[in-house]
Amino acid sequence: MQPFLGRRANPDYPTGIHPALNSLADECCGMLAHLVAHVGALALLAIVGIHLWDELPAGAAPEPRARTDWRVALRSHPAFAVREFDLPEKTEAYEILRHPDGGRKDILRWGPQGRGPVAEIEIYRPGGESIPSGPVAELAARIDPDGLHELETAGIIDSKFGAVTLLRAPGGTDRARSCLGFIKRLDEPVLQISGWSCQGDAWPARRAAIGCILSRLILLTAGNDPKLAELFARAELRRGSCAASATPADWVSGAENPRLRGAL
């Protein structure tokens, strides 16, 4: 009987490693090679994608959209009024709109009962929202929602707030042609007074109606805005009669019925 230590290795396994282990090692090497190949392909695609992205023309960053969600403020109290402005068979409506960013619009309208308004004035106090860059187009839409939203200058009138620009529609509907708009922007405090009037049969009568609206516009409460109170206090010192307010500031600035100065 031969001793145990003298036995030779199994002649069926020349390397001394089971064939199953050899097969497993080969499979692992193959999987690793495939994995490296896939990772390399993905890296190559990423490099090509980054290169193509860098080649694209740089575009300007999109500007944030201005919020336009004005809402009727039912619990707010009127801050303005137009005194002694009674029109026959006309009713007055007061509406307050507020913007989530702090803006406020006080709107007064006059018109026959059950029909559309014939005159309007809006006092806009901006907050943190973006101020519209086209107030004239916005005014045109208020005068005539179905029109072309275009207005042309129609002269200037004096008011207790200073010179006020008059505007009229060059065409559009009969309603637009029969109305006269106005707009006045102030910087201290930031304020915009705008509106329109369809009263009267001719431009002088409509100028007179707008002059009266501006002359009789008063402040009821300034809230926590001392600059607004100071503005209206100074304006009252310059307030004149409706006829004086409706007079064109200059014979050149009057779109209709210009008057020459001095004797010929």
Checklist entry - Which value in nm describes the separation of the simple spin-label points at A33 and D101, placed 7 Å from the Cα toward the beta carbon? => result 6.4 nm
Checklist outcome for this item: In order over the stretch 130-136: 3J(HN,Hα) from phi, Karplus 6.51/-1.76/1.60, θ = phi - 60°, whole Hz, x for each Gly or Pro, gives 6, 6, x, 7, x, x, 5
Checklist entry - Using the Karplus equation 6.51 cos²θ - 1.76 cosθ + 1.60 (θ = phi - 60°), what ³J(HN,Hα) coupling, rounded to whole Hz, does each residue of the stretch 105-120 give in order, writing x for Gly and Pro? => result 10, 9, 10, 10, 10, 10, x, x, 4, x, 10, x, x, 10, 7, 7
Checklist entry - What is the calculated FRET efficiency for S76 to A202, with r their C-beta to C-beta distance and R₀ = 30 Å, to the nearest 0.05? => result 0.20
Item to check | Probe 1.4 Å - accessible area at C198, Å² to nearest ten | outcome: 30 Å²
Checklist entry - In what sequence, highest mean first, do 74-81, 159-166, 35-42 appear when ranked by Cβ atoms within 10 angstrom? => result 159-166, 74-81, 35-42
Item to check | G155 long-range amide H proximity, modeled H, under 5 Å | outcome: L166, A255
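The values are calculated or read from the model by the stated rules, or taken from the named source; none is laboratory data. For clarity, every value in this text was computed on a predicted model and none was experimentally measured. Heads up, the Cβs are rebuilt from the backbone with ideal geometry, glycines too, and the neighbour counts pull from every protein chain shown. What goes into the accessible areas is simple: the full protein's heavy atoms, side chains included, and nothing from ligands, DNA or RNA. Shrake-Rupley method; radii C 1.70, N 1.55, O 1.52, S 1.80 Å.
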